[in-house]
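Student: Dropping the structure in here first, questions after.
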Amino acid sequence: MAVLEAQEVTAGYGDAVIVERISVKVEAGEIVAVVGPNGSGKSTFLKSLLGLVRRFCGRILFEGRDITAFPAWRIARAGIGYVPQVNNVFPNLSVVENLQMGAYFRQDKGGIQADCSEILEMFPELKRRSRFRAETLSGGERQLLAIGRALMGRPQVLLLDEPLAFLSPKTAALILRQLAAIKERGIGLLLVEQKTFLALEAADYGYLLSEGRCLMEGRGSALLADASLRERFLGLRKEV
Amino acid sequence: MEILVADRLIKDFGGLRVLNEASLTVTEGTITGLVGPNGSGKTTFFNVLYGLLKPDGGSIHFRGEPITGLPPYRIYRKGMALGFQIPRLISRLTVLDNLLLAVRQEDGTGLGTALFARRHWQEKEKGLTYKAREILELVELAPLALKPAGELSGGQRKLLEIGRALMADPVMLLLDEPAAGVNPVLGRKIYATLERLQREKGLTFLVIEHRLEMLLDFAHYVYLMDAGRIVLAGKPAEVIAHPDFYTIYAGESYQWLS
Amino acid sequence: MDPLFYIADTLVFAGIFALLTLSLNLEYGFTGLGNFGKVAFFMAGAYTYAVMASAHMPCYLCLIGAGLAAGLIGFLITFPVLRLREDYLAIVTLSFGEILRITIKAQEGIAGGVQGIVVPGAFAPFTDSVRLLALANIGLVLFCLLFTFLLVQLLTHSPYGRILRGIREDETAMQAIGKNTVIYKAGALATGSVIAGVAGGLFAQYISFIDPYMFLPLVTFFVWIMLILGGPGNNWGALLGGLTVELINRGTRIAKDYLSLPVDPNNLQFILFGMLIILFLLYRPQGLLPEGPVKTAARKEVLRWRSSLPTGS
Amino acid sequence: MGEFAQILLNAAITGSIYLLAGTGLTLTYGLLRFPNFAYAEFITFGGYIGYLLLQKPDGSLPLAVAAAFFATGLLSLFSHLLCFRPLVNRRASLIPLMVASIGLGYIIRYSIGEMWSWAALSYQPVWQAFDLGPVRVTALWLYLIGAALFTGIGLHLLLTRTKTGKAIRAIAGNPDLALVSGINRDRITFFTCFLGAGFAGVAGVFRAADTQLSPVLGWDILLPIFAVVILGGIGSFYGLIMAAFLLGLAENFGVILLQAVGLSTEYRMAIAFLVLILVLIFRPKGLAG
């Protein structure tokens, strides 16, 4: 059974439909990438899974359970972690407090503490600054903190909104390595990404969105090999 | 001829030295790139150059005049314009109004002239619409001239932001990732437009850019920034070929480009 | 009471409040500045008029003086906080409204203090007829209103007004495109205060006696209701709001005389006004008349060349 | 010497009222990011609830304080549910929220006027007085100062040590992220509104016990309370405590000064205004900023 499954989701803002009948499946320990050009509705789709935008129809199943009607905070508690693209930390809280907020709904004090130190070990960049307020961190460090915060809730699946945007290639590579490590822990990852090449290379499975609809799906490497996709959406001029 | 000279700029944020004696020189009529890892201080550098932040040390000269510590509106009047990374448009005003707002020394913008030089500025505005139309056609937004800017899509907003910077007839533009958030095809088109303006009108551009292929194709000169200072400078191909470039910036993930 | 006089009285008050609403529209509706001390500038105008008229100066001079004094005070009080967050301006203006009233109340020497001050009427030397007086007052108020309306309308449909609207939406962006936003905000507040001062002068002249208790924060509240109801960012809306609220106000006063309610109609009126403003903010924040586009020659020009474009583009 | 001690005591009393009343305002100002002008009326409302229990000489102060706390907390909760939450959900900006809070203030104030009339009322109990060195104090003042300090320190601990307190700060810093982190944002906001207004109600009881009760009780001290909240730095408790007592001192010394130069003591309010303007010009982020 897929850990997270979206069935024919149609969503948007107000009366405007942004994405139409999108179905996506994420298995445990798998990276799924949703790629597509600007304005294709990737982020809106992600937010629709979290109950942050209006859903017109479709169902969202988490471990087989229908969570379509849940409010955002209950979806988080069910085991879906989310890393937004911008505004992804609590600026006025320290790094450690940010991590604690990720475990807000957990009751096991000892476990929270253990997870907190584990994540700080995992991201040495954060450990150095653990007592600083998050607003003093750089963009890349914030992205790491946001991922760490989401992991503190011990999610079964992690949703990431353009985790590589605005990052230098070096930091992007670091983030991708961390995502691979998270995947090894049996967590399913769903990432929405504009950097199509990097995302599909890292992903086990990919979906290509355009103008609110799913154009193509398949294994990451298979999508990458598709010539028409390369030309239309990657804008790559060099042969790789 | 250098148009912009920044000399040993310093900026502190609560104990954090974000700019650490950063210096750069931009030659008139070129496209100059600024690259660097995240958190290296590029955006802060821009904000200090443009007067949105006051530097804690160092000096800035624009066309030979000192502009250190001047507020942005005065720097703008001297012929420098800034494009934000995330476009900041006036969403309830139309696309046209957004362009007209950017005109330098526009008539009728004072309390008195708005009332008493009415005929005069109405004439001027008519003339400005032709210029606005040219720019709108350049950025392919002409049919949307009377639409509120808030109704544009992300890519269109980015284009309007650049169009607005052009409307001021600037001598120099600072653009923070002009092609970020738009698809690669459109991104190249934006750069091709910048290049044409540089070639035909002699405009100077200083751009923050992550996409190395854009810099390779369009920039004349590149500065690499790390930890608040400029560490490398030169022609794009030279900088990218430099061994330090890989250790500081690219890391191992960049093989796919070459 | 003479019903004709009653209508005239209503019109004069509606006119004075419409002036205040227009001034708040310039400040809040177009520039986004929350002035919660409108009454202070109204009061400054009224007292300036009173003092000048007591020194036997002619009406028009007193009105100009009232406007200038209020404008100057408005500029001095708000300038220090214009660089700060918008809520600070609200708190400072609100506080200043109270401080000015307390100051005048405590100062016996200047303008009667708590006792109040008699204001010589502008038309009193010419006629004794109540009806003629009322008519003259309507004329004066309507003239000022028309003049102000045109002024605000021309200002807001000009490059100047376009910049004000820009500042309302995103101040940093406006600075980045070369506008000294602090000067614009100060200008809008000073102009708004001048208008409020003139309204204060008209008020003092009309009712011929003023004391500090007439300038409670209630006045500010009324002006806000009128603007929110009428439509922020629309000058016609400001007029409509001023008239509507004044009529409701009069209606309840008449109701007080003819109806016997289990509650004090005065209390009831304010409870209802409080609810009305919240309901409007919730369900019709754009007011009765929503804001329109900036109308200048440029818009017309674009409409023309756009209509000549091939269809579908 | 005795006079000086008396001024210090007065400053502590004034400061304690400001501290109690400012606590709730700074909490919700920090969380919902707009100044709620109806706080003035929450203070007044608390005073009148206290009156229900203290209109007889044998009324119990602790009971009145508790009742005022709960009743005012509930009133705030109601107003949040019916007015501010729907507005925030409709993405109303700062100024409409402030306008709505003024509207709400009028609804509450005139409802109080309707229920209890506009005449001034007084609490009936007589407070035990005793000499403390050179000054005479009443038990009421000691309770007041104790309550204020307890509130200030207690809330500081709540915000920095407890999970709920950290969640309050998290929402203040990034409301949307709090939601997707599994924080039940509504519940925390309700709790904060209740708690904050509760303290305003308590301040109303003490203010009414110390002076008189009227429907403009809260409005009359709204300006100094705003001055204190801004001087302290919005959302900061160490700052608030310091600011409350600083303004208390400034006012009480200022009054002496006013008398010395022959000006009316009605200018007392102007001192708070002066402090407010000076803070905004020279230190707009407050003491803590």
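Student: Which numbered condition in (1) more than 30 Å from B:ARG157 (Cα to Cα); (2) more than 11 Å from chain B (Cβ to nearest Cβ); (3) not acidic (Asp, Glu) is the only one that C:LYS185 fails?
Tutor: Every listed condition holds for C:LYS185 apart from (1).
Student: Would you check if D:PHE45 is open to solvent by 10 Å² or more (accessible area, probe 1.4 Å), closer than 25 Å to D:VAL228 by Cα and of a type in the set (Phe, Trp, Tyr)?
Tutor: So D:PHE45 passes the test.
Student: Would you check if there is a residue in region C:276-290 being in a helix (DSSP H, G or I), surrounded by fewer than 16 Cβ atoms within 10 Å (Cβ to Cβ) and at negative phi?
Tutor: Start the filter on region C:276-290 by keeping residues that are in a helix (DSSP H, G or I), which leaves C:276-283.
When the remaining residues are screened for being surrounded by fewer than 16 Cβ atoms within 10 Å (Cβ to Cβ), the result is C:279, C:283.
Applying the additional criterion that residues be at negative phi yields C:279, C:283.
Taking every residue of region C:276-290 in turn, at least one turns out to be in a helix (DSSP H, G or I), surrounded by fewer than 16 Cβ atoms within 10 Å (Cβ to Cβ) and at negative phi.
Student: Within region D:233-272, how many residues turn out to be over 30 Å from D:PHE34 (Cα atoms), hydroxyl-bearing (Ser, Thr, Tyr) and open to solvent by less than 50 Å² (accessible area, probe 1.4 Å)?
Tutor: Residues in region D:233-272 being over 30 Å from D:PHE34 (Cα atoms), hydroxyl-bearing (Ser, Thr, Tyr) and open to solvent by less than 50 Å² (accessible area, probe 1.4 Å): 1 in total.
Student: Within region D:27-49, is there a residue that is under 29 Å from D:GLY133 (Cα atoms) and either in contact (Cβ under 8 Å) with a residue 40 or more places away in the chain or not acidic (Asp, Glu) (or both)?
Tutor: Within region D:27-49, the subset under 29 Å from D:GLY133 (Cα atoms) is none.
No, that holds for no residue.
Student: The conditions are (1) modelled with pLDDT of 95 or more; (2) more than 13 Å from the chain's Cα centre (by Cα), and C:ILE91 fails exactly one of them. Which is it?
Tutor: If we test C:ILE91 against (1) modelled with pLDDT of 95 or more; (2) more than 13 Å from the chain's Cα centre (by Cα), just (1) comes out false.
Student: Turning to a different aspect of this structure: Counting just the residues of region C:69-91 that are within 7 Å of another protein chain (Cβ to nearest Cβ) and not small (Gly, Ala, Ser), which one comes out nearest to C:GLN205 (Cα to Cα)?
Tutor: The first filter runs over region C:69-91 and keeps only residues within 7 Å of another protein chain (Cβ to nearest Cβ), leaving C:80-81, C:84, C:86-88, C:90-91.
So of that shortlist, the ones also not small (Gly, Ala, Ser) come out as C:80-81, C:84, C:86-88, C:91.
Values: C:PRO80: 32, C:VAL81: 33, C:LEU84: 37, C:GLU86: 34, C:ASP87: 34, C:TYR88: 33, C:ILE91: 30 Å.
Ranking the qualifying residues of region C:69-91, first place goes to C:ILE91.
Student: Still on this structure: Just checking, which of C:THR191, C:THR148, C:THR172 is among the hydroxyl-bearing types (Ser, Thr, Tyr) and over 29 Å from B:ALA149 (Cβ atoms)?
Tutor: On the way: C:THR191 fails: over 29 Å from B:ALA149 (Cβ atoms); C:THR172 fails: over 29 Å from B:ALA149 (Cβ atoms).
Exactly one of C:THR191, C:THR148, C:THR172 is among the hydroxyl-bearing types (Ser, Thr, Tyr) and over 29 Å from B:ALA149 (Cβ atoms), namely C:THR148.
Student: Determine which single condition B:GLY150 fails, assuming it passes every other condition in (1) under 19 Å from B:LEU82 (Cβ atoms); (2) within 11 Å of another protein chain (Cβ to nearest Cβ).
Tutor: (1)
Student: While we're looking at this one, here's another question. Return the residues of region B:73-120 that are of a type in the set (Val, Ile, Thr) and either open to solvent by less than 10 Å² (accessible area, probe 1.4 Å) or at the interface with another protein chain (Cβ under 7 Å from one of its Cβ atoms) (or both); say none if nothing qualifies.
Tutor: Going through region B:73-120, the residues of a type in the set (Val, Ile, Thr) turn out to be B:75, B:86, B:90, B:94-95, B:103, B:109, B:113.
Within region B:73-120, B:ILE75, B:ILE90, B:THR94, B:VAL95, B:THR109 qualify.
Student: Still on this structure: Within region A:163-176, does at least one residue satisfy the condition of being among the aliphatic types (A, V, I, L, M), touching a residue at least 40 places away in the same chain (Cβ under 8 Å) and farther than 18 Å from B:ASN183 by Cα?
Tutor: From region A:163-176, those among the aliphatic types (A, V, I, L, M) are A:164-165, A:167, A:172-176; that's our starting set.
Narrowing further to those that are touching a residue at least 40 places away in the same chain (Cβ under 8 Å): A:165.
From the residues that got through so far, the ones that are farther than 18 Å from B:ASN183 by Cα too are none.
The answer is no, given that none of the residues of region A:163-176 is among the aliphatic types (A, V, I, L, M), touching a residue at least 40 places away in the same chain (Cβ under 8 Å) and farther than 18 Å from B:ASN183 by Cα.
Student: Can you pull out every residue in region B:57-72 that is open to solvent by less than 10 Å² (accessible area, probe 1.4 Å) and either touching a residue at least 24 places away in the same chain (Cβ under 8 Å) or under 17 Å from B:THR204 (Cα atoms) (or both)?
Tutor: B:ILE60, B:PHE62
Student: Does C:PRO310 qualify as being within 14 Å of another protein chain (Cβ to nearest Cβ), outside any helix (DSSP H, G or I) and at pLDDT 85 or above? If you could, list the steps in order and put the result at the bottom.
Tutor: Values: within 14 Å of another protein chain (Cβ to nearest Cβ): yes; outside any helix (DSSP H, G or I): yes; at pLDDT 85 or above: no.
Considered against the rule, which asks whether it is within 14 Å of another protein chain (Cβ to nearest Cβ), outside any helix (DSSP H, G or I) and at pLDDT 85 or above, C:PRO310 comes out as no.
Student: On to the next question. Scan region C:81-125 residue by residue and report those that are over 12 Å from C:ILE210 (Cβ atoms) and polar (S, T, N, Q).
Tutor: C:THR93, C:SER95, C:THR103, C:GLN107
Student: What single numbered condition from (1) touching a strand residue (DSSP E or B) at 6+ places or on another chain (Cβ under 8 Å); (2) open to solvent by 40 Å² or more (accessible area, probe 1.4 Å) fails to hold for B:LYS54?
Tutor: (1)
Student: When you go through (1) away from chain C (no Cβ under 14 Å); (2) surrounded by fewer than 16 Cβ atoms within 10 Å (Cβ to Cβ) one by one for D:LEU140, which number turns out not to apply?
Tutor: (2)
Student: Mind counting the residues in region D:47-101 that are part of a helix (DSSP H, G or I) and touching a strand residue (DSSP E or B) at 6+ places or on another chain (Cβ under 9 Å)? So that I can check it myself, show each step before the final result.
Tutor: Filtering region D:47-101 down to residues part of a helix (DSSP H, G or I) leaves D:47-54, D:61-89, D:94-101.
Going one step further and asking which of them are touching a strand residue (DSSP E or B) at 6+ places or on another chain (Cβ under 9 Å), we end up with D:47-48, D:50-51.
Selection size over region D:47-101: 4.
Student: Condition (residue is within 19 Å of C:MET174 (Cβ to Cβ) and more than 18 Å from the chain's Cα centre (by Cα)) applied to region B:131-148: is it met by at least one residue?
Tutor: Looking through region B:131-148, at least one residue is within 19 Å of C:MET174 (Cβ to Cβ) and more than 18 Å from the chain's Cα centre (by Cα).
Student: Quick check: is even one residue across region C:104-112 under 19 Å from C:ALA69 (Cβ atoms), touching a residue at least 40 places away in the same chain (Cβ under 8 Å) and at the interface with chain D (Cβ under 10 Å from one of its Cβ atoms)?
Tutor: As a first pass, look at region C:104-112 and keep what is under 19 Å from C:ALA69 (Cβ atoms): C:104-105, C:107, C:109-112.
Filter once more, so that each one left must be touching a residue at least 40 places away in the same chain (Cβ under 8 Å): C:104-105, C:110-112.
Right, trim to at the interface with chain D (Cβ under 10 Å from one of its Cβ atoms) and you get C:105.
For region C:104-112, residues under 19 Å from C:ALA69 (Cβ atoms), touching a residue at least 40 places away in the same chain (Cβ under 8 Å) and at the interface with chain D (Cβ under 10 Å from one of its Cβ atoms): present.
Student: Can you name every one of the helices (runs of 4 or more DSSP H) wholly within region A:1-118 that holds 2 or more residues which are hydrophobic (A, V, I, L, M, F, W, C) and facing another protein chain (nearest Cβ under 9 Å)? I'd like the intermediate steps shown before the answer.
Tutor: Details: elements: A:42-49, A:72-78, A:95-102.
It comes to A:72-78.
Student: Evaluate the following for C:PRO232: is it out of contact with any strand residue (DSSP E or B) (no Cβ under 7 Å at 6 or more places or on another chain), in a loop (DSSP other than H, G, I, E, B) and either surrounded by 22 or more Cβ atoms within 10 Å (Cβ to Cβ) or away from chain D (no Cβ under 13 Å) (or both)?
Tutor: Values: out of contact with any strand residue (DSSP E or B) (no Cβ under 7 Å at 6 or more places or on another chain): yes; in a loop (DSSP other than H, G, I, E, B): yes; either surrounded by 22 or more Cβ atoms within 10 Å (Cβ to Cβ) or away from chain D (no Cβ under 13 Å) (or both): yes.
Against the criterion (out of contact with any strand residue (DSSP E or B) (no Cβ under 7 Å at 6 or more places or on another chain), in a loop (DSSP other than H, G, I, E, B) and either surrounded by 22 or more Cβ atoms within 10 Å (Cβ to Cβ) or away from chain D (no Cβ under 13 Å) (or both)), C:PRO232 qualifies.
Student: Report every pair of residues separated by at least 6 positions or lying on different chains whose Cβ atoms are under 7 Å apart, first residue within region D:92-106 and more than 7 Å from chain C (Cβ to nearest Cβ), second surrounded by fewer than 24 Cβ atoms within 10 Å (Cβ to Cβ).
Tutor: Matching pairs, first to second residue: D:LEU97/D:PHE34; D:LEU97/D:LEU87.
Student: Please go through region D:122-155 and pick out each residue that is outside any loop (DSSP other than H, G, I, E, B) and in contact with a Gly (Cβ under 9 Å, 6 or more places away or on another chain).
Tutor: Here is the first cut: in region D:122-155, the ones outside any loop (DSSP other than H, G, I, E, B) are D:129-132, D:135-155.
D:VAL135, D:ILE145, D:ALA148, D:LEU155 - these are the residues of region D:122-155 that are outside any loop (DSSP other than H, G, I, E, B) and in contact with a Gly (Cβ under 9 Å, 6 or more places away or on another chain).
Student: Just checking, does region B:42-49 include any residue being open to solvent by 20 Å² or more (accessible area, probe 1.4 Å), part of a strand (DSSP E or B) and not acidic (Asp, Glu)?
Tutor: For region B:42-49, residues open to solvent by 20 Å² or more (accessible area, probe 1.4 Å), part of a strand (DSSP E or B) and not acidic (Asp, Glu): absent.
Student: Would you be able to say whether some residue in region C:248-257 is open to solvent by less than 20 Å² (accessible area, probe 1.4 Å), in contact with a Phe, Trp or Tyr (Cβ under 6 Å, 6 or more places away or on another chain) and not charged (D, E, K, R)?
Tutor: Within region C:248-257, the first condition is being open to solvent by less than 20 Å² (accessible area, probe 1.4 Å), and the residues that meet it are C:249-250.
When the remaining residues are screened for being in contact with a Phe, Trp or Tyr (Cβ under 6 Å, 6 or more places away or on another chain), the result is none.
No, every residue in region C:248-257 fails to be open to solvent by less than 20 Å² (accessible area, probe 1.4 Å), in contact with a Phe, Trp or Tyr (Cβ under 6 Å, 6 or more places away or on another chain) and not charged (D, E, K, R).
Student: For A:VAL192, all conditions in the list (1) within 23 Å of A:LEU93 (Cβ to Cβ); (2) open to solvent by less than 10 Å² (accessible area, probe 1.4 Å); (3) more than 11 Å from every other protein chain (Cβ to nearest Cβ) hold save one; what is the number of the exception?
Tutor: Status for A:VAL192: all satisfied but (1).
Student: How many residues are open to solvent by 30 Å² or more (accessible area, probe 1.4 Å), in a loop (DSSP other than H, G, I, E, B) and touching a strand residue (DSSP E or B) at 6+ places or on another chain (Cβ under 9 Å) when one looks only at region C:105-152?
Tutor: Total satisfying the criteria: 0.
Student: Just one of (1) within 25 Å of A:LEU137 (Cβ to Cβ); (2) within 14 Å of chain A (Cβ to nearest Cβ) trips up B:GLU21, so point out which.
Tutor: Condition (2) is where B:GLU21 drops out.
Student: Follow-up question, since we're still on this one. Could you list all residues from region B:96-117 that are in contact with a helix residue (DSSP H, G or I) (Cβ under 7 Å, 6 or more places away or on another chain) and part of a helix (DSSP H, G or I)?
Tutor: B:LEU96, B:ASP97, B:ASN98, B:LEU99, B:LEU100, B:LEU101, B:LEU111, B:THR113, B:ALA114, B:LEU115
The values are calculated or read from the model by the stated rules, or taken from the named source; none is laboratory data. Only a predicted model underlies this, so the values are computations on that prediction, with no experimental measurement involved. Glycine gets a Cβ as well: all are built from the backbone with ideal geometry, and neighbour counts include every protein chain shown. Areas reflect the complete protein model, heavy atoms only, side chains present, ligands, DNA and RNA absent. Shrake-Rupley method; radii C 1.70, N 1.55, O 1.52, S 1.80 Å.
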